[in-house]
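The values are calculated or read from the model by the stated rules, or taken from the named source; none is laboratory data. On a predicted model such as this, the values are computed, not experimentally measured, just so you know. Glycine also receives a Cβ, built like all others from the backbone with ideal geometry; neighbour counts cover every protein chain displayed.
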Amino acid sequence: MNTELFARIAQNLQLKPHRVESCITLIEEGATIPFISRYRKEATGSMNEVEVAAVAEQYQKYKELEKRKESILSTIEEQGKLSDALRQRIEDCWEANLLEDIYLPYKPKRRTRAQIAREQGLEPLAQLIEKEYFSDEAGLRQRAKSFCKDKLESIEEVLQGARDIVAENINENETCRSAVRREFQYTATIVSKVVKGKAEEADKYRDYFDFSESLKHCSSHRLLAMRRGEKEGFLRVSIQADEENCLQKLYRINIRKNNASSRQLELAVEDAFKRLLKPSIENEFASLSKEKADAEAIAVFAKGLRQVLLASPLGAKRILGIDPGFRTGCKVVCIDAQGNLCCDSLIFPHPPKADPNAAGKEILRLVDTYDIQAIAIGNGTAGRETESFVRSLGLPKDIDIFMVNEDGASIYSASAIAREEFPDKDVTVRGAVSIARRLMDPLAELVKIDSKSIGVGQYQHDVDQTALKHQLDLVVESCVNAVGVEVNTASKHLLSYVSGLGPALAQNIVQYRQENGAFRSRKELMKVPRMGAKAFQQCAGFLRISNAENPLDNSAVHPESYAIVESMAKDLRCTVADLMKSTDLRARIDKDKYSQQAGEETLKDIFHELEKPGRDPRKALESFRFDDSIKQIDDIKVGMILPGIVSNITNFGCFVDLGVHVKGLIHISQMADRFVKDPSEVVHIGEQVHVRVIEVDSKRQRIALSLKNN
């Protein structure tokens, strides 16, 4: 492997080169990010998932750069222009922009103005002009006149053709491109104007009708908003730099004398900048700024998605789920502690078909028949009204009632996954089941839904969709493996995100389970079709088996470390189960005695897991109630202090659900009595907050909130 590559990645990420090398070696061997960060800490120096993912991303980026180098070398070699020095320059280049600059003179082009001029034999004249050969105008024109033949009828046409060649050479000159690029880096401004005649139609983009800002200081949400407006045909967006500075730099690079040739060079420089260099570098910076904005937006989305996926679960309870509605009624389902559908029903507690008596009796009957322990109510249309109705029924106090975020439930209910799970049920039943299961275990249910439909993030449809999917898949994989998966109850969709599995092996596990009954040990996983030693190594530590013969099978201790724990138990003359139950026994373990069998970090993780085997890292679920007096936006007044739940975080603030179907915004400037750079430093999605109302605009359906004390 390439030691210089390891050193570059290490320098970029502020990591040690030998740790980076170990990490990349593991990646090349097929190890997953969760496995490396959890079970190979000695090799990587305890890199966390974020660091391992960053190494993997940089490694992939450099591999793609290497492929590009190979393609460029091959193309230049075919032209017979590949010298040893040029080969060395290309092989030693590690910057994509610089690599393309080196390649530009050799890059196959469509028929340019310069190419036509070369075909007309004007290259010798262009070379003389570049050398500033002509001291006087008469000599220049005399030489130009000698090229007047065929289609070149005038001296002006000849000089124009020569300048076209010079302009293309300037455009392909690395020094010239670097000079213009540096000017854009320091002075580039993003400018947005409304398209003529579209002002009324484009009202939501009013802030960008006549807007300009330093490109390097433009926030991702503003840049993405402008690009969306441009895509929809309402805005014209451009990136501009100080043109005079750019031209002065190009003059200094290309012009050394003051003669007739110099004046031709000056014209060629201006043409090269305006026609070739400026559009090229502007496109480059437009692309780079979009990539940067995408990366920031994707990072915000990923952080929000992680918080939603790791929301507090109620756990294995018998739940009554309600998908509320007015006209179509409320669909009610009951699920058992494993999430299986027991029954479904339809009630009409609200107008226009209101029958609250029958609806109440049906709820009470279902609660009694299925020994319901909790009730989940979707927070969409009629959600607050349904919650009030259910609370009025006088249910036993030990039955908790929860409002559940139903974003994406309708997407799930119409999906192939839902049809496969409930082929004989309609979308309303599937939606209600999803709501109930979200209360039981948000992670297990939300993995079935496209992450973009979960209701977090900003501009998710405007960013690079491939990059977005890659990052969100990493987040889902990370969350699933952080929590661990019960192999005997998990759906194939949840299992598919377990380290080392994927959809095919997940399906095989479910199929094996259906044909042979519950797994009794992790070792039995090796009997699953296509489960090889590598896949088993990657997945085993993240799969849990309750009530297994070996209690370690229900922990995060990897099977490769079982022998260590068994040695500890043997030395203390007890069983592994005794060791996991007894604090006193664990206190008697001489850790140094086992340092030959495993590294310090692995032993530390083993001891941590023996203390709390299979512990769920998610917080316990807390009950919550909106203000009963607030049902719609018109009930909200400036100065009120209201309870709410943070529903989404962006990099300009966060949105809070107050129970009125209009989310209130806490702008970043209103998040604390101090400067806040990142809203996620102050709040997290799902957090219960008390906010002060500072503005209500019923017409525009906007509510401004504050977390400030003053």
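Of note:
- Index of the failed condition, Asp207 passing every other in (1) out of contact with any Asp or Glu (no Cβ under 6 Å at 6 or more places or on another chain); (2) more than 25 Å from Gln460 (Cβ to Cβ): (2)
- Ile170 being within 40 Å of the chain's Cα centre (by Cα), assigned to a helix (DSSP H, G or I) and modelled with pLDDT of 95 or more: yes
- Residue, nearest to Ala482 (Cα to Cα), within region 603-618, restricted to residues that are part of a helix (DSSP H, G or I) and without any contact (Cβ under 8 Å) to a residue 24 or more places away in the chain: His608
- Scan of region 693-709 for residues that are surrounded by fewer than 17 Cβ atoms within 10 Å (Cβ to Cβ) and over 25 Å from Lys204 (Cβ atoms), ordered by number: Lys708, Asn709
- Of the residues making up region 527-534, none is basic (Lys, Arg), surrounded by 13 or more Cβ atoms within 10 Å (Cβ to Cβ) and not assigned by TED's automatic domain parsing to the domain that holds Ser37.
- Residue within region 619-636 that is surrounded by 12 or more Cβ atoms within 10 Å (Cβ to Cβ) and under 27 Å from the mean Cα position of the chain (by Cα) present: yes
- Residue selected from region 282-296 under the condition crowded, with 17+ Cβ neighbours inside 10 Å and among the charged types (D, E, K, R), by the criterion nearest to Thr466 (Cα to Cα): Asp294
- Filtering Ala409, Ala382 for residues that are in contact with a His (Cβ under 7 Å, 6 or more places away or on another chain), under 27 Å from Ile685 (Cβ atoms) and crowded, with 19+ Cβ neighbours inside 10 Å leaves a single hit, Ala382.
- Qualifying residue in region 456-464 (condition: surrounded by 22 or more Cβ atoms within 10 Å (Cβ to Cβ) and of a type in the set (D, E, K, R)): no
- Unique match (being touching a Cys at 6+ places or on another chain (Cβ under 7 Å) and not assigned by TED's automatic domain parsing to the domain that holds Glu266) among Leu104, Leu99: Leu99
- Number of the condition not met by Leu642 [criteria: (1) part of a strand (DSSP E or B); (2) closer than 25 Å to Ala482 by Cβ; (3) not hydroxyl-bearing (Ser, Thr, Tyr)]: (2)
- Among the residues listed as Lys231, Lys257, Lys249, the single one being out of contact with any helix residue (DSSP H, G or I) (no Cβ under 8 Å at 6 or more places or on another chain) and either of a type in the set (Phe, Trp, Tyr) or more than 14 Å from Ala286 (Cβ to Cβ) (or both): Lys257
- Helices (runs of 4 or more DSSP H) lying entirely in region 79-158 (those with 3 or more residues that are touching a residue at least 24 places away in the same chain (Cβ under 8 Å) and out of contact with any strand residue (DSSP E or B) (no Cβ under 9 Å at 6 or more places or on another chain)): 96-103, 113-119, 123-130, 137-145
- Matching residues, region 121-151, being surrounded by 17 or more Cβ atoms within 10 Å (Cβ to Cβ) and either of a type in the set (Phe, Trp, Tyr) or touching a Gly at 6+ places or on another chain (Cβ under 7 Å) (or both): Leu122, Phe134, Phe147
- Filter result for Leu621 (at negative phi, in a loop (DSSP other than H, G, I, E, B) and of a type in the set (A, V, I, L, M, F, W, C)): yes
- Residues that are of a type outside the set (D, E, K, R) and over 16 Å from Gln307 (Cα atoms) number at least 3 in the following strands (runs of 3 or more DSSP E) confined to region 650-710: 664-667, 688-697, 702-706.
- Any chance Leu265 is under 26 Å from the mean Cα position of the chain (by Cα) and modelled with pLDDT of 90 or more: no
- Neighbours by Cβ (under 9 Å, 6+ apart or cross-chain): first from region 687-710, in contact (Cβ under 8 Å) with a residue 40 or more places away in the chain; second part of a loop (DSSP other than H, G, I, E, B) and of a type in the set (Gly, Ala, Ser): Arg692/Gly639; Val693/Gly639; Ile694/Gly639; Leu707/Ala672
- When region 537-563 is filtered for residues that are crowded, with 18+ Cβ neighbours inside 10 Å, assigned to a helix (DSSP H, G or I) and touching a residue at least 24 places away in the same chain (Cβ under 8 Å), the ones remaining, listed by number, are Gln537, Gln538, Cys539, Gly541, Phe542, Pro551, Leu552, Asp553, Asn554, Ser561.
- Condition check for Val333: at pLDDT below 95 and crowded, with 24+ Cβ neighbours inside 10 Å: no
- Selection from region 189-215 of residues that are crowded, with 22+ Cβ neighbours inside 10 Å and either free of Cβ contacts under 8 Å to residues at least 24 places away in the same chain or under 30 Å from Lys107 (Cα atoms) (or both): Ile190, Leu215
- When the strands (runs of 3 or more DSSP E) confined to region 299-354 are screened for residues that are farther than 24 Å from Ala444 by Cβ, those reaching at least 2 such residues are found at 341-347.
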